[in-house]
Amino acid sequence: MNNFAYVRANSVEDAVSRASQDSNVMYIAGGTNLVDRMKGFLDEPSQLVDVSRLAMKKIERTQEGGLKIGALVTNTDLAGCAEVRSNYPMLSRSILAGASQQIRNMATVGGNLMQRTRCPYYYDTAFACNKRQPNTGCPAATGINRTHAILGASESCVAVNPSDMCVALAALDAEVKVRGVAGERQIPFVDFHRLPGNTPNRDTNLEPGELITAVILPPVSFAKSGVYLKLRDRASYAFALISVAAALELSGEQIKNARVALGGVAHKPWRATEAEEFLKGKRADKSTFSQAAEIALKDAKPLAHNQFKVKLSKRAISRALSVSARGGGVV
Amino acid sequence: MIRLKINGQLQTLNVEPRVTLLDALRENLGLTGSKKGCDRGQCGACTVLIDGQRVYSCLTLAIMQEGKEITTIEGLATGDNLHPVQAAFIDNDGFQCGYCTPGQICASVALLDEVKNGSVSYVTPDLTSAPQLASLSEAEIKERLSGNLCRCSAYNGIVAAVQQASGQNPPSPAASNLGTEVS
Ligand SMILES: Cc1cc2nc3c(=O)[nH]c(=O)nc-3n(C[C@H](O)[C@H](O)[C@H](O)COP(=O)(O)OP(=O)(O)OC[C@H]3O[C@@H](n4cnc5c(N)ncnc54)[C@H](O)[C@@H]3O)c2cc1C
Ligand code: FES
Ligand code: FES
């Protein structure tokens, strides 16, 4: 990796003002994604602003009855938080399904939201990549694209967002609190990450220099039934081929409310809102679940090597919903 | 100049900000017990403990760890007395070539502490009821150690070593021995 200057931020304001002055300045938190990217020359910052010692490490209850999760809470601490384990199990499990204990111990909430794709063409500087360098091309679209997007992709990028945690946060209607030089704002989770369009170099709607300070979880009464199903090439320590976060609110046999989000299928965590609407008022049974899965995947446009993801996603949605209907647990 | 506290000793190093903790340990401090397998967070050979928590030393910059308590494989034994997890790896043939072993042992030491502190994993059936050491299942051990690969595939011995260190009775290594010893 190339060398850089290193400073430890002493306050949120200090960090934001440093990063807003120069587009070659980058934040570093846990380092588990950025150090890897710098080793591969995917990022060559002139300066790293270490935010890891800032006071954003608390999980607090909000007035609304939800949780405010500091951007520097580690993935381990969030997954292990008693309140999250019992009230938002899909969030705990999505985090525990990701990476390894060693990585989760270092990885932070903010860094997890900002981790970049694992597309092998993005990772290999011998190839062109519109995400790495705009207007150079997308070799993945016509190359080996087994792990790539089936929903919402564009001609310029077929990469997927690799995060597990973000799939659960999308399903739970979280919001992202950010701070820039102009002040604070709050972004609904579904609007945080972007579809590639013709600007795949931008993963998120963060403005240059903005710092994530917290993630807000609203109270979700039926989140206790939440599940997370991750399907991958090996049983652990592998990124998702596809994943599903799901939760159901039942009244007897009837579905009152549903949440379904998919990972590994698109450039952003994919909330299946049409499927959720369909589920409302239906009987919680196998045929309803598989109809919802058909709706969720109806716009899928698989590439040469990832047709399998369509069927896999449908079956995973059905299975996740069936387990959620029984109250949740291991899918 | 940066100052790191490693195995209880304060060390002063002259390293660039881009130097990882792993390279600082191996190249600057001569602590070559931590191994470099992949250098990209994908194998676990470089696992060390920072403030008691296991991390990959290849994915963190040395300069970021100033002021933290770093423990490497070299810091586990007390004089000639092996750490119980080190002894358990020997008792249960928890390695072949030994390259992944320092990482496996550091990870296992942390694993035991995590279980004692009530941690759950992706395979824990009920997230509100964490498993105890005495009843930690093989599936739990494998999931919790999945961040350490062993190219020699000594996994059976590694799992048995963790079982022994958990106070369980691992199956005797001889149970899976195909040959018969001739005396
Ligand atoms: C081998 C391996 C396997 C993995 N497997 C999985 C997996 O299965 N599932 C999964 O979800 N993840 C997986 N990960 C990724 C891991 O979850 C991320 O690396 C981690 O979450 C990043 O967090 P961090 O704090 O270390 O981020 P850093 O590396 O410190 O930063 C990542 C990015 O976020 C930016 N950033 C950090 N904090 C902030 C902030 N507060 N505001 C604005 N920008 C910020 C940085 O500038 C950088 O661009 C894996 C990683 C590795 C190396
Ligand atoms: S050398 Fe650090 S994980 Fe492989
Ligand atoms: S003992 Fe050889 S790699 Fe594990």
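With R₀ fixed at 41 Å, the C-beta to C-beta distance from A:Ala304 to A:Phe222 puts the FRET efficiency at about 0.55. Annotated for segment A:225-325: lysine pairs at least 8 residues apart or interchain, Cα distance under 15 Å, count 12.
Neighbouring Cβ atoms from other chains, within 10 Å of the Cβ of residues in B:33-46, number 2 on average. Summed over both chains, the area buried between A and B is near 3400 Å², taken from the accessible surface of protein heavy atoms with a 1.4 Å probe. For segment A:114-239, place one equal point scatterer on every Cα, skip the solvent, and apply the Debye formula. What is log10 of I(q)/I(0) at q = 0.12, 0.22 Å⁻¹? With no solvent term, the Cα-only Debye profile gives -0.55, -1.29.
Based on every Cα atom in the protein assembly as shown, Rg and the maximum pairwise Cα distance Dmax equal 23.2, 81 Å.
What is the Cα convex hull volume of segment A:1-139 when expressed per residue in Å³? Before the final figure, lay out the partial values.
Numbers: hull volume 19.7 nm³, N = 139.
Looking at segment A:1-139, the number lands at 141 Å³ per residue.
Solvent-free Debye calculation, one equal scatterer per alpha-carbon of chain B: log10 I(q)/I(0) at 0.09, 0.11, 0.13, 0.16 Å⁻¹ equals -0.34, -0.50, -0.69, -0.98. Between A:Ser290 and B:Ser172, the simple label model (points 7 Å from Cα in the Cβ direction) yields a spacing of 5.2 nm. Scattering from segment B:84-165 was approximated by placing one identical point on each alpha carbon and applying the Debye formula without solvent; log10 I(q)/I(0) at 0.22, 0.23 1/Å stands at -0.98, -1.06.
How charged is the neighbourhood of A:Ala97? Take every other residue with its Cβ under 11 Å from the Cβ of A:Ala97, and add Lys/Arg as +1 and Asp/Glu as -1. Spell out each step's value before the answer.
Working: positive: A:Arg93, A:Arg104, A:Lys230, A:Arg232; negative: A:Asp164, B:Glu143.
Spelling it out: positives minus negatives among the neighbours equals +2.
Of all lysines in the structure, those lying under 22 Å Cα to Cα from A:Lys39, and not within fewer than 8 positions of it along the same chain, are A:Lys131, B:Lys35, B:Lys36.
Summary of the geometry: segment B:1-70 and segment B:113-157, compared by the centres of their Cα atoms, lie 25 Å apart.
If R0 is 45 Å, the Cβ-Cβ spacing of A:Glu274 and A:Asp14 corresponds to a FRET efficiency of close to 0.50.
Each pair of Cα atoms in segment A:1-54 enters the Kirkwood radius, and Stokes-Einstein at 37 °C and 0.692 mPa s then converts it into a translational diffusion coefficient of 294 µm²/s.
Using alpha carbon coordinates only, what is the Rg to Rh ratio of segment B:20-109, with Rh defined as the Kirkwood radius?
Numbers: Rg = 12.6 Å, Rh = 13.2 Å.
Using only Cα positions, Rg/Rh for segment B:20-109 is 0.95.
The values are calculated or read from the model by the stated rules, or taken from the named source; none is laboratory data. From a predicted model like this one, the values you see are computed outputs, not experimental measurements. Cβ atoms come from the backbone with ideal geometry, glycine included; neighbour counts cover every protein chain shown. Areas reflect the complete protein model, heavy atoms only, side chains present, ligands, DNA and RNA absent. Shrake-Rupley method; radii C 1.70, N 1.55, O 1.52, S 1.80 Å.
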